[in-house]
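Quick note: the coordinates plus some simple rules give every number you see, no bench work behind them. Keep in mind it's a predicted model, so treat the numbers as computed, not measured. Note that each Cβ is placed from the backbone with ideal geometry, even for glycine, and that neighbours are counted across all protein chains shown.
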Amino acid sequence: MTTNMQSYSKYKESGIEWLGKIPSDWNIVPFKKIFKRSNEKVENTPSLDLALSVSGYRGVEPRNIDSMEGQMPSEDIGKYRIVRRGQLAVNTMWLNYAGLGVSDYEGYISPAYRSYNIDRVVNKKFVHHLLRSPLYIQKYTSMLYGLRPNSLQVKNDDFERIEILVPPLESQKHIADFLDEKTKIIDELIAKKEKLIELLREKCSALITHAVIKGLNPKAKMKSSGVEWIKTFPTEWTHDKVVSLFSFPNDKVSDVDFEPLSITYGGVKKQVEDAAKTDNGSNRKLLKRGDIAFNGRSDRRGACGISEYIGSISVVYHVLRKKGLNVDTKYYHHLFRNTLFSQEFYRWGRGIHDDMWTTRTIEMKRIQIPVPPLVTQRQIADFLDVETVKIDNAAALIESQIDQLKEYRSSLIYSAVTGKIKV
């Protein structure tokens, strides 16, 4: 999308392989000539109370300290590093994911991060876009070191040896203003599309809720179910405990003899090769084709699926196998993934806090669920299979459009800050 834009009239060899050719009036300056490390700590400015994080998409942003990530409200933050407005904040453990940016805020970051003052020879907004561009991220990635994939990082000394592209100051400002304007337009369009996906998901959830609890006939007479979370349902429906419709087999197997499976929000999947296993051998359960696998962790409620495979799953999962011929597994799969059931499932759980909140097999067995006539179960399941696929396809199309917009955004930044296009 950037091919129709002008190039600079003259280019020269940069003398640096990874930078390639650059416009003839651009310079290359060592990092340390522009950036000076700041060692300010919160202990010297106790009134500073804004926690910051470095977003891979936008840069430095306020952090919600009530979240599970990062500093907790009761933690001593005296050693945390101060970031002033206009300083560069850097997370060397996240550089391959654009873990840096020029801050619009004044606050504090983890002591493992770095903050830098920026010389006036460069435009701060230009530097923000430059150092987060695909070209520089590729360079950071080439400098990663460490023993394990989840512990790789860039050494501070290596980072501070990076060469910085420096166009004339007027050109920097022009490029920065151009990118600020264009990325704002793209980000607003992405936000609208993300909101549309959210609305589609809400529509899908409402559609499933109504179908599995009220049925498909809008003229059907309703009666009180006698179950608080169900409230009313069609007069010909009944209700019963989960254990009356499903058994909970607990056959122990080895993941050597049976392919290891995992449960995601997308259903039952084959476990990724080389994925870390938390259990094995006799600590796994047998899952057969047609069984429903259900995650007992309440913070993962809705993560369940009908298995297409014979394999082994973690002992912490529930296995539900239908009893008799009057149960349509697909209908109950939709029911178990429904928001109202998820809330009831959570109510039966127990634990110290949400991350440890679990609904055990003995509790899940007691939950009351609707029992429509078998023909109705099948009609609802067939209807939802068709309608949810339509919504999923619509959402997937929008997600593809978002991916294209993000790719264009990235390409535009790369082309502008490296001089491939003249803006």
- Query: What helices in the chain pass both tests, a Cα length along the helix axis of 24 Å or more and a mean Kyte hydropathy of -0.5 or higher, using whole DSSP H runs?
  - Reply: 169-214, 374-417
- Note on the structure: Of all DSSP beta bridges with both partners in the chain, the antiparallel percent, nearest 5, is 95 percent
- Sorted largest first, the C-alpha extents of the chain along its principal axes in whole angstrom are 80, 48, 48
- In whole Å and largest first, what semi-axes does the C-alpha gyration tensor of segment 27-166 yield when each eigenvalue is scaled by 5 and square-rooted? 24, 18, 13
- For Q271 and R360, what does the FRET efficiency come to when R0 = 22 Å and r is the distance between their Cβ atoms, rounded to the nearest 0.05? 0.40
- Task: Under a cut-off of 24 Å between alpha-carbon atoms, report the lysines in cross-link reach of K21, not counting same-chain residues fewer than 8 places apart.
- Result: K10, K12, K32, K33, K124, K125, K139, K173, K420, K422
- Evaluate the distance, in nm, between pseudo-label points positioned 7 Å from the Cα of R37 and of V227 along their respective Cα→Cβ axes. 6.2 nm
- Message: What three numbers, in Å, describe the spread of the alpha carbons of segment 216-371 along their principal axes, ordered from the longest?
- Response: 53, 38, 24
- Message: At 0.36 nm per residue, and after removing the present C-alpha to C-alpha distance, how many nm does the segment from K155 to D25 gain when stretched out fully?
- Response: 43.7 nm
- Query: How far is the Cα center of segment 240-269 from the Cα center of segment 357-416, in Å?
  - Reply: 21 Å
- Task: Enumerate the aspartates and glutamates that K79 could reach by cross-link, defined here as Cα to Cα under 18 Å, with residues fewer than 8 away along the same chain left out.
- Result: E40, E43, D49, E69, E106
- Message: Straight-line reach from K219: which lysines fall under 28 Å, measuring Cα to Cα and dropping same-chain residues less than 8 apart?
- Response: K203, K231, K241, K330, K390
